[in-house]
């Protein structure tokens, strides 16, 4: 496991301590979770961008033509 030092403004440090305590986490656990959540939020965008570059309009239209033309169920209507 790696370790590093990070310099935070006192106000941010205090807020992290407060939120970590409310969640029943240590400061370190909170920071690890926050970093993991940020990574998870960024990776899908990169993944989807790469996948989109490989897509072909003709393939999309072929799949779209296979979708039946029916009215949406009641719970799916606006």
Roughly how many nanometres apart are two label points built 7 Å out from the Cα toward the Cβ at residue 76 and residue 1? 4.6 nm
Can you tell me the 0 to 90 degree angle between the C-alpha axis of helix 27-54 and the longest principal axis of the chain, rounded to 10? 20 degrees
Residues residue 53 and residue 33, FRET efficiency given R0 of 25 Å [Cβ-Cβ distance, rounded to 0.05]: 0.20
Which percent of Cα-Cα pairs in the chain sits in each 10 Å bin, short to long? 13, 23, 20, 17, 18, 9
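No lab work stands behind these numbers, since they all come straight from the coordinates. Since the model is a prediction, treat every value here as computed from it, not as a measurement. Cβ atoms come from the backbone with ideal geometry, glycine included; neighbour counts cover every protein chain shown.
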